[in-house]
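The values are calculated or read from the model by the stated rules, or taken from the named source; none is laboratory data. Small disclaimer: the values here were computed from a predicted structure and weren't measured. Every residue, glycine among them, receives a Cβ derived from its backbone with ideal geometry; neighbour counts consider all protein chains shown.
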Amino acid sequence: MTANQEMTQELGLPIDHLGIAVEDLETATIPYRFLGLSQVGAEEVIVSQSVRVRVLQAGPNLIELLEPTSPASPIAHFLRQRGPGLHHLAFRVNDLEGELARLSADGALLIDATPRPGRAGTRVAFLHPRWTKGVLVELVEHG
């Protein structure tokens, strides 16, 4: 086990970002700007998820505002079911495949058994909210 893996074992996985489902990026960004948050980089469209993402910096943390680009988008479905609000909590991992294998062996319910492309060149996978007691959890591996 590497020193980095030992530290993760001791401290737990670091939060990568919070994902918030919104109907309109422009309108949703206004309150966060009043709170002093600034946009990080350009908006990005993740075609495979039919979502437009705007990232905001909140101190050392990131917030992703997620706007659907299609009525079939998972975010569009979330908005129809629950309305705007917290969509997911994302944790940063160093070895996504290894983490998925470990969690699966421990009985985790995975939405993604294999990584998929995420924002800004990341690879991501989601854990089922039934396993995490109602919270959609994303695991993020940065390239």
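Out of H17, H87, which single residue is in contact (Cβ under 8 Å) with a residue 40 or more places away in the chain and under 18 Å from H142 (Cα atoms)?
On inspection, the qualifying residue turns out to be H17.
Any residue at all in the stretch 33-51 that's surrounded by 10 or more Cβ atoms within 10 Å (Cβ to Cβ), modelled with pLDDT of 95 or more, over 17 Å from the mean Cα position of the chain (by Cα) and assigned to a helix (DSSP H, G or I)?
yes
Output the number of the condition that S73 fails; it satisfies all remaining conditions of (1) over 14 Å from the mean Cα position of the chain (by Cα); (2) crowded, with 19+ Cβ neighbours inside 10 Å; (3) in contact (Cβ under 8 Å) with a residue 40 or more places away in the chain.
Exception for S73: condition (3).
Out of L66, L79, report the one residue that is touching a His at 6+ places or on another chain (Cβ under 8 Å) and hydrophobic (A, V, I, L, M, F, W, C).
Residue meeting the stated conditions: L66.
In the stretch 1-32, which residue that is surrounded by 14 or more Cβ atoms within 10 Å (Cβ to Cβ), more than 17 Å from P60 (Cβ to Cβ) and over 17 Å from the mean Cα position of the chain (by Cα) is modelled with the lowest pLDDT?
Step by step, filter the stretch 1-32, then rank; the result is T8.
Residue check: is R82 surrounded by fewer than 18 Cβ atoms within 10 Å (Cβ to Cβ), under 21 Å from F126 (Cβ atoms), of a type in the set (K, R) and more than 17 Å from the chain's Cα centre (by Cα)?
yes
More than 17 Å from L13 (Cα to Cα), aliphatic (A, V, I, L, M) and outside any strand (DSSP E or B), is that true of A120?
yes
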